[in-house]
Amino acid sequence: MSDTTFAARGDKTDIETGTEFQPKFDADGLIACVVTDADDGCVLMVGYMNAEALARTLETGEAWYWSRSRQNFWKKGETSGQVQQVVELLTDCDQDALVLKVRVAGNGATCHVGYRSCFYRRLSKTQDGSVRLESTGDARVYDPDVVYGRKS
C-alpha cells in the first residue's frame, strides 16, 4: 500500500484554482486518464486509475492503471516491455480527469493489438447512414502473438 495521500475535496474555488490535488474519483473509485506521447502529442490510449494506481504512478514515475475487466492493477508494459515513463501528469479544472504525457519504452507502441496508438481507426458514415470503422493508415508496430504469446 502506498503512503501517498490526496487532499479531500474542497469548495469549488479550492478545486478550480487552489494548489492542493483533490481528485474526484467516480462511483467505482476511478478517474479517467488520457495518455499522450510527451514528444509529439499523439493520443496513445485512455486508461483508468484508482487512488492506489495513481499513487503508484506518482511514486514510480511509470504508468499504473486499474483494469476494469480484470479488476486488478496493471503496470503498462510489464509484459510487453512498453513501459510508459511519465514526463508530466496534468489534471483538468474539476480534477476529475487526468492527462499523462509519457515516453514509451521498447518499440514505442501502446496498443495491445500491435499499434503505436489504440486510436488506429476512424469512424466513417456511409451512404445508407450506417457507421463503419476504417483504418487511419497506421501500420502495426509489432505482432501481439509474439509479444503476448497469444492471439489479441
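Within the set 117, 124, 80, the sole residue that is at pLDDT 95 or above and under 22 Å from residue 39 (Cβ atoms) turns out to be 117.
The criterion of being of a type outside the set (Val, Ile, Thr), in contact (Cβ under 8 Å) with a residue 24 or more places away in the chain and either out of contact with any His (no Cβ under 6 Å at 6 or more places or on another chain) or under 28 Å from residue 146 (Cβ atoms) (or both) does not hold for residue 20. Tallying residues that are β-branched (Val, Ile, Thr), closer than 20 Å to residue 56 by Cβ and assigned to a loop (DSSP other than H, G, I, E, B) within the stretch 89-114 yields 1. Taken over the stretch 121-147, the residue count meeting the criterion of being of a type outside the set (Asp, Glu), under 19 Å from residue 76 (Cα atoms) and part of a loop (DSSP other than H, G, I, E, B) is 3. Being touching a strand residue (DSSP E or B) at 6+ places or on another chain (Cβ under 9 Å) and of a type in the set (Gly, Ala, Ser) is the filter; apply it to the stretch 57-86 and report the residue that is nearest to residue 30 (Cα to Cα). Among them, the one singled out is 67. Name every residue in the stretch 33-66 that is exposed (fewer than 14 other Cβ atoms within 10 Å of the Cβ) and under 11 Å from the mean Cα position of the chain (by Cα), in order of residue number. 46, the sole residue that qualifies. Checked against (1) surrounded by 10 or more Cβ atoms within 10 Å (Cβ to Cβ); (2) of a type in the set (Gly, Ala, Ser); (3) farther than 19 Å from residue 80 by Cα, residue 137 meets all criteria but (1). On the basis of being in contact (Cβ under 8 Å) with a residue 12 or more places away in the chain, within 30 Å of residue 14 (Cβ to Cβ) and not small (Gly, Ala, Ser), does residue 104 make the cut? Against the criterion (in contact (Cβ under 8 Å) with a residue 12 or more places away in the chain, within 30 Å of residue 14 (Cβ to Cβ) and not small (Gly, Ala, Ser)), residue 104 does not qualify.
The values are calculated or read from the model by the stated rules, or taken from the named source; none is laboratory data. Computed from a predicted structure; not experimentally measured. When we count neighbours, we look across all protein chains shown, and the Cβ atoms used for this are built from the backbone with ideal geometry, even at glycine.
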